[in-house]
1. Just the accessible area per residue of region 67-225, please: how many Å² with a 1.4 Å probe?
2. Which percent of the accessible heavy-atom area of region 108-193 goes to carbon and sulfur, probe 1.4 angstrom?
3. Phe214's amide H: which non-local residues (gap 5+, or another chain) put their own amide H closer than 5 Å, with H modeled 1.01 Å from N in plane and none for Pro or chain starts?
4. For region 54-115, count the residues as N, evaluate 2.2 N^0.38 Å, and divide the Cα radius of gyration by that value, please.
5. Take the alpha carbon atoms of region 189-247, find their center, do the same for region 251-281, and report the distance between the two centers in whole angstrom.
6. Ordered by packing density, taken as the mean number of other Cβ atoms within 10 Å over each peptide's residues, highest first, how do 260-272, 85-97 rank?
7. Could you give the dipole magnitude of region 156-215 about its Cα centre, charging the beta-carbon of Lys and Arg +1 and that of Asp and Glu -1, in debye to the nearest 20?
8. Can you check what the net charge comes to around Leu45, using other residues whose Cβ is under 15 Å from the Cβ of Leu45 (Lys, Arg +1; Asp, Glu -1)?
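The values are calculated or read from the model by the stated rules, or taken from the named source; none is laboratory data. Because the structure is predicted, anything quoted here is derived from the model rather than measured. Positions of Cβ are backbone-derived with ideal geometry, glycine not excepted, and every protein chain shown enters the neighbour counts. Side chains are part of the model used for accessible areas, which takes the heavy atoms of the whole protein and leaves out ligands, DNA and RNA. Shrake-Rupley method; radii C 1.70, N 1.55, O 1.52, S 1.80 Å.
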Amino acid sequence: MDILIGSGFFLAVGIIIAAVFLHFVPIGLWISALAADVHVGIFTLIGMRMRRVPPSKIVMPLIKANKAGLDVNVNQLEAHYLAGGNVDKVVDALIASQRAQIVLPFERSAAIDLAGRDVLEAVQMSVNPKVIETPVVSAVAKNGIELKIKARVTVRANIDRLVGGAGEPTIIARVGEGIVTTVGSSEKHTDVLESPDDISKTVLGKGLDAGTAFEILSIDIADVDVGRNIGAQLQTDQAEADKRIAQAKAEERRAMAVAKEQEMKAYTQEMEAKVVEAQAEVPHAMAEAFKAGNLGVMDYYNMMNIQSDTEMRKSISQAGKARKNLPVQK
């Protein structure tokens, strides 16, 4: 009985040791590597486990690279994986570049991948150029007519400028700027409609791919539509603005005239009030003069006669003016 218990214990321990060994040593991958004539040591696989690197992520791309004849070793692939790169995509890009006879070292391929760009797509774009379609670009010729232009840009990835080079949005923005500049320098919009390929030649000659990750192969004008008469619309808007300014100035002058008139009325009323007030003081002054002996009765009568004579002369002159203004009867 004790022998059976001891045998079971050792069997269990053996199973545990075998499980731990198989966990740290992927025998299947090791055998696959040997079958593919790729030499990967047992301790190398154990070290991958210890560094928390899945051995399959390294061994399978290594086998693929070895079969393609690439000079890549385990340390390079493992270092790229630990740096956060995609080992399988880098190896595929290296194989594709080798088949297309494009010079692409492992270090550059890894740098492109770590920069966040799809290195395999970049290699494929170097072999098969990509067509980028710009949005509708609105440009105005010198005669004020708007043109709406859509272009197609054929680009090829530039492997040497993928790290640090600008992307597709920069290409689209530069092409749009070139279209606006070219159309804006045209005297008439009909010149552009007659030969739209002039836009392609002018824009292509500006070297718009400088500093980008692409090489522009061609720029083709896909569509040209005539838009609004911007010049006439601007003139109309300017005339309307001038009209509103003139109306505002006229309203300002009218308001100032009304305010001046109100001010004059207030001044006239004030002066009339002062005259009435002065006239009201005359009887009091005359009474004081009578009491003081400064004014006699005869002086008063003479003053009244002069006043009556003045009023009579005024009425006679007003009557003469009225007779002159009467219509002549035939």
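1. I get 49 Å² per residue for this part.
2. Answer for region 108-193: carbon and sulfur cover 50 percent of the accessible area.
3. Placed amide hydrogens put Asn158 under 5 Å from Phe214.
4. That works out to 1.00 for region 54-115.
5. Region 189-247 and region 251-281 have Cα centres separated by 63 Å.
6. Put in order of decreasing packing, that is 85-97, 260-272.
7. That gives a dipole near 180 debye.
8. +3
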